[in-house]
Structure formats: structure tokens, C-alpha cells
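Okay, structure first, notes after.
The values are calculated or read from the model by the stated rules, or taken from the named source; none is laboratory data. Nothing here was measured: the structure is a model prediction, and the numbers come from that model. Using ideal geometry, Cβ is built from the backbone for each residue, glycine included, and neighbour counts are taken over all protein chains shown.
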Amino acid sequence: MKRKIIKDQIKINKNMEIPKKGKVLLQFTADWCGPCRAMKSVTEEFQSKSDVTFQKVNVDTESSIAQKYGVRSIPCFVVVEDDKEKIRKVGSQSLSQLLDLVK
């Protein structure tokens, strides 16, 4: 299965959609969030090591998606499979934690 990466759509697509089929890891983030910015190298490595689709969601520009998933703190990672939330973790995560999250 070829890996599908959706990078930084938040800057160009104010009406982004979360894939309804398959598994996706959402990272809820914001430009002003220091811990979110610190996660950049970890999420880039995750994208190179996982077949799971990765999508960033900016809580400032995509507030309706953040509200749909009840995101109150960031960074927040949510695994969605076939349009249903499976699990979430709040706060900075290591690469191994993200990989375990999507198993």
C-alpha cells in the first residue's frame, strides 16, 4: 500500500476534509504553539516510516474540525479509521508513541 501524505493543507485549504475511508492520524496544532512546532521533526519521521495517512489540522483556521473532535488542548493526535475516532493522545509524543498509536 502506497503511503499518502497530506502536508500543510491548512495554509491553502480552509475547507479541508478528513478522509472517510481508511486510517488517518490527525495532528491538531497551531502556528503559535511551541510544543506543536517542536513536533515537526517527529511527525516528518513518522510520515517516512508509516503507511498511515498523516494530516495536520490548524485549530485556528479549521476550528470546525477541532470542535467536531472536541479538541481542547494541543498538540493533540487523533487516530480516525473509517470516519470514527479510535484513540487520541494529548501533548508531545515520541516517534515510537505515534507509531504505537496507529497500530
Within the set of pairs 6 or more residues apart or between chains, which connect a residue that is farther than 15 Å from Phe54 by Cβ inside the range 76-103 to a residue that is basic (Lys, Arg) and in a loop (DSSP other than H, G, I, E, B) with Cβ atoms less than 8 Å apart? Asp82/Lys20; Asp82/Lys21; Asp83/Lys20; Asp83/Lys21
Is it the case that the range 89-99 has a residue that's of a type in the set (Val, Ile, Thr) and at pLDDT below 95? no
Select from the range 48-101 the residues that are under 19 Å from Trp32 (Cα atoms) and touching an Asp or Glu at 6+ places or on another chain (Cβ under 8 Å) and list them in ascending order. Lys56, Asn58, Asp60
Would you please name the residue that is nearest to Val42 (Cα to Cα), looking only at residues in the range 7-27 that are more than 13 Å from the chain's Cα centre (by Cα) and at pLDDT 75 or above? Gly22
Check whether at least one residue in the range 60-76 is touching a Pro at 6+ places or on another chain (Cβ under 7 Å), modelled with pLDDT of 95 or more and either β-branched (Val, Ile, Thr) or exposed (fewer than 12 other Cβ atoms within 10 Å of the Cβ) (or both), and report yes or no. no
Which residues, taken from the range 38-50, are of a type in the set (A, V, I, L, M, F, W, C), closer than 17 Å to Asp100 by Cα and part of a helix (DSSP H, G or I)? Val42, Phe46
What number of residues in the range 51-72 are touching a Lys or Arg at 6+ places or on another chain (Cβ under 7 Å) and either part of a loop (DSSP other than H, G, I, E, B) or not hydroxyl-bearing (Ser, Thr, Tyr) (or both)? 3
